[in-house]
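Take a look at the structure set out below.
The values are calculated or read from the model by the stated rules, or taken from the named source; none is laboratory data. Just so you know, these numbers come straight off a predicted model, no measurement behind them. Don't worry about glycine lacking a Cβ; one is built from the backbone with ideal geometry, like all the others, and counts go over all protein chains shown. Please note that ligands, DNA and RNA were not included when accessible areas were found on the heavy atoms of the full protein model with its side chains. Shrake-Rupley method; radii C 1.70, N 1.55, O 1.52, S 1.80 Å.
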Amino acid sequence: MVSFEDGEDLSSPSSTNSPDTDMVSENSGELHDCVVDFLKTEVGNDVKSLRKVGDMLEKMREENKQLEEQVMMISSSVPLKVSAALSAAEEARCSVENLLQRERELSSTLQQHLQEAQPWMDRLGQTLGHVDTIERHLKYLQCLQHIEELSALVQQCLMTNSVWEAIRAVDSMAALDAQLQQSGCSHLKAFLSETLVFWHKIIKDRLASDFEEVLTLLQWPFISPPTQSLAPPANSQEISSQLELLATQLLALQTSYPSPLTLSPPLCLPIQIMLLPLSKRFRYHFTGNRQTNSLSKPEWYLTQVLMWMGNSSAFMDEKIQPILDRAGANINARVELCRGLLSLVQEKVASDAPRLLYDDSLFCHLVEEVLQFEKELRSSQLYPAALPGLLHLLVEDATLQKWLTVEKKMAVEKVDAILSAEGAWSSQYRDISDVDELKAPDCAETFMTLLLVITERYRSLPCPRAQLKFLELQRELIDDFRIRLTQVRTDPPVLHAGTWFSSLNFFLQLQQMAVSLGEEQVLGALGLMEVGRLASLEDSLFEGLLALLDRLRGDMMGRLLDAVMREIREKAKPYCQDRWLSLPSLCDQSIMSLSSSACPMMLCVRDRLLYLHQVLSLPLFQLAWQGLAERLDSFLYQEVILSNHFNEGGAAQLQFDMTRNLFPLFGHYCKRPENFFKHVKEACVILCLNVGSALLLRDLLRESEEERRGGGVEVNPSPQSALNELGVFRLAPCDVLILLNLRASWPGQ
């Protein structure tokens, strides 16, 4: 038994003889520490606890034994599993090799079989090809037979007068033709198309002949205005029934005929037949060497076609339109007839227009007649705007360019005639005061009429690009007219012309029309600003022109007022040189009167105002008298007041001349004329101050000036507030100080 009293340390290597402990101490210090900790935990420092060592040893042996058995069991079972897995893998390898061998054998057998069967396959393919060819030939023959059967059926129906059956057979033929459009059998398609066209023409000619006979009984065509007969024919009901039957059959026949690929649909067959006699008459009279076929008389054939349209309108509405409606055809009979007649006119105009490009007079006449025809067509005949008329022929490149050139040439010639005409610069309403407010000269109104006529001509053109070209032409003409105004004369009539142009809403109308054409067209044709800004009137197509017209008006008004001022200056020389320093004071005069030296100037001002009032329109006169007042105010302030010294009597006389004589001359045109002479009015206030107030004001202004120069504190009250109390708002303190120095009546002087 081991005792702790002997001083043995359980943690020393000599405390145990176990081989495992020696191994742990040699191989792992960590395991050694683990064991020591375990013993300290189980035994501790209690010597009596050593009794448990035996139990612990026995327990550890049992656990060790169990562990050894588990290890032996695992060591014996693992080789068995590995061996079983290796055996399974070997079996799988053998199975795969067997499968690969079988695959190679089957592949070889299959290749051999295919080689042996190839001749059979080749012979079978040839047989199937023959069968397919025979089948296609059979279908070809069946289709050909069907065509022959339909053709024979049509022939039989026509022989028995079964028109509806014949039309249905032709419809079947047309359906077959549509089915064969994707086929490559070109000869079969050609044969079918020729057969279809053949029978279609046969039936159409037969129906057309009967239809023409019925139309003749109804007195078609109406070359002259139709007259109401006293009594309808006895068989009118039968004729109407026959007319409806034939028209309906013609409509049904048309559906079986392939329509050509055109922009506009073809005319319906009944209308085509009705147009034949009219077309024959048109070509007889307006082609070839007939006298009625004259390049100088386009109105002959245009008027004739309009007459035919008008004469036939009642018949189309009463006889033909109900038939079309009952047949379910969405066709307007009158429009359809107009469309057919219009095609004759279009062909004629397209032929004549290139021949007139080198004759300005005949070309202009053709354009005028075409425009008038288009107007009548749309208004009188109610021809839809969506359908083309004749105007598209005028916007062809060569024709449009010629039109623009001639339009400009004739406009320039007319402007020359307008400006040189007698009475061009007088207003045609000069004797009517309530109408002649703007006093626009006759030449300006005539020129505006010329522009409006040009606008009316191109307004209905179907091409926005062409409309914008005419708009640009109008801008050029207006600018040319403005330049002529500056070159011809400089008197009030020209001023009226420029002002009248600027005030018109004509420019707004043209701008709105340009905006309605679309942004792409405006930007592409004129290269201008955004359409949105044009529509909101933030920008203007005529901004440059209007600015130039305003400048012209300003320049002419300035020259007019300068001429008036030159005359006033000449008359005012004695007044400017008057002896203001030696005039008697108020107490020495019994009554104040106008200075004798001022009389010529006042009379000149009065006469010039009356003249301007008579010759200028009210808006221009408002600008004129205000501008004259501004110039006169500056002149009197500079040449009379600042150029002289005034005693008490001179200041009083100046104030009397101004307030009681000059200002009232302008009082006829405003309530407070003195507001337009601020310099003169305020200068009179300063010059007429009593001596005490003038001394105080002078001292205040001088003190303020010294403080300002010295950078000191501003005096109180300020000079400006003191001046405002006196009613002086326009003149600066320095100007007032100059005026005070012009006073001669100071104490001690």
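Between Ala92 and Ile223, the contour length at 0.36 nm per residue exceeds the alpha carbon distance by 36.4 nm. Applying Stokes-Einstein at 25 °C and 0.890 mPa s to the Kirkwood radius of region 299-350, computed over alpha-carbon pairs, gives a translational diffusion coefficient of 209 µm² s⁻¹.
Here the Karplus curve 6.51 cos²θ - 1.76 cosθ + 1.60, taken at θ = phi - 60°, turns the phi angles of region 371-376 into couplings of 5, 5, 4, 4, 4, 5 Hz, with x standing for Gly and Pro.
Within region 121-280, the proportion of C-alpha pairs whose separation exceeds 20 Å stands at 62%. Entry for region 294-386 at q = 0.10, 0.21, 0.22, 0.25 Å⁻¹: log10 I(q)/I(0) = -0.32, -1.01, -1.07, -1.27, Debye formula applied to identical alpha-carbon scatterers, no solvent contribution. Ordered by 1.4 Å accessible area with all protein chains kept, Leu546, Leu696, Leu342 run largest first as Leu696, Leu546, Leu342.
Here's the list of lysines a cross-link from Lys571 could span, going by alpha-carbon distance under 28 Å and ignoring same-chain residues fewer than 8 apart: Lys671, Lys678, Lys681. Put +1 on the Cβ of each Lys and Arg and -1 on the Cβ of each Asp and Glu in region 578-742; which of Cys604, Leu620, Cys587 then has its Cα farthest toward the positive end of the dipole? Comparing the listed Cα positions along the dipole, Leu620 ranks first. Each Lys and Arg contributes +1 and each Asp and Glu -1, all at the Cβ; summed about the Cα centre of region 578-742, the dipole is approximately 560 debye. The base-10 log of I(q)/I(0) for region 240-357, evaluated at q = 0.11, 0.13, 0.14, 0.23 Å⁻¹, reads -0.44, -0.59, -0.67, -1.32 [Debye formula, identical scatterers on Cα atoms, solvent excluded]. Coordinate range of the alpha-carbon atoms in region 578-742 per principal axis, descending: 58, 40, 24 Å. In this calculation the C-beta distance from Asn741 to Ala547 is compared with R0 = 51 Å, giving a FRET efficiency of 0.65. As a rough guide to protection, the peptides 274-284, 416-426 ranked by mean Cβ packing within 10 Å, highest first, stand as 274-284, 416-426. For region 664-749, the pair-distance distribution built from all alpha carbon pairs, in bins 5 Å wide starting at 0, is 3, 13, 23, 21, 15, 12, 6, 4, 2, 1 percent. When the residues Leu616, Leu665 are ordered by accessible surface, computed with a 1.4 Å probe over the protein chains alone, the sequence from largest down reads Leu665, Leu616.
For region 578-742, averaging the sequence separation of C-alpha pairs within contact (under 8 Å, six or more residues apart) and dividing by the residue count gives a relative contact order of 27 percent. Here the peptides 401-407, 96-102 are ranked by packing, the mean other Cβ count within 10 Å, and the order with the highest first is 401-407, 96-102.
Along region 305-316 the Karplus relation, 6.51 cos²θ - 1.76 cosθ + 1.60 evaluated at θ = phi - 60°, assigns HN-Hα couplings of 5, 4, 5, 4, 4, x, 5, 8, 4, 5, 4, 5 Hz to successive residues, with x for each Gly and Pro. Within the straight-line cut-off of under 20 Å between alpha carbons, the lysines reachable from Lys59 are Lys40, Lys48, sequence neighbours fewer than 8 places apart in one chain being disregarded. Within straight-line reach of Lys439, meaning a Cα separation under 24 Å, sit the following lysines at least 8 residues removed in sequence or on another chain: Lys414.
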